[in-house]
1. Residues that are at pLDDT 80 or above and exposed (fewer than 15 other Cβ atoms within 10 Å of the Cβ): does the range 108-119 have at least one?
2. Among what's in the range 60-92 and is over 18 Å from Leu9 (Cβ atoms) and of a type outside the set (A, V, I, L, M, F, W, C), pick the residue that is modelled with the lowest pLDDT.
3. Would it be correct to say that Ala90 is in contact (Cβ under 8 Å) with a residue 12 or more places away in the chain and within 9 Å of Phe21 (Cβ to Cβ)?
Amino acid sequence: MLVEVKQDLKKMKRDRSGERFKNEHKRVRHHGAQGGWVRFIFFGLAIVSAAIGVVLVFIPGPAIVFFVLSGALLASQSWTMACLLDRAEAAMHRTWIRTKAKILFNRKPEPPKPENDARAH
């Protein structure tokens, strides 16, 4: 089970932004992981994973891993949630790209350093 979760997370990492959670939903449906109790357990694990992520935001730890795991668990059981998470991820990705471009290209130039010219003294 743990090996399958790791493989699914690797597949999600390789998926394109904006399609990641829908693809996870399709993969889980293809494997046949569905039913009342399975959904209940997946949603419970998603809540626990999100709670761990929230705690790790405030202390050193890999919080993002638990948020992605939580999203994957929710998306695997709900097509609506998969679509919402993909839209949110695509929006965050666009914002990140814009912010990164602003940081890189809108830097103020450094003032020229005075040269140590021996002739000036």
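1. No, the range 108-119 has no match at all.
2. Pro60
3. no
To keep it simple, each residue is scored yes or no on (1) within 15 Å of Leu69 (Cα to Cα); (2) assigned to a loop (DSSP other than H, G, I, E, B); (3) not polar (S, T, N, Q).
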position: Lys11; (1), (2), (3): yes, no, yes
position: Arg16; (1), (2), (3): no, yes, yes
position: Phe21; (1), (2), (3): yes, no, yes
position: Val28; (1), (2), (3): yes, no, yes
position: Val38; (1), (2), (3): no, no, yes
position: Ala46; (1), (2), (3): yes, no, yes
position: Ser49; (1), (2), (3): yes, no, no
position: Gly53; (1), (2), (3): yes, no, yes
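The values are calculated or read from the model by the stated rules, or taken from the named source; none is laboratory data. All values reported here derive from a predicted model rather than from experimental measurement. Every residue, glycine as well, gets a Cβ built from its backbone with ideal geometry; the counts of neighbours run over all protein chains shown.
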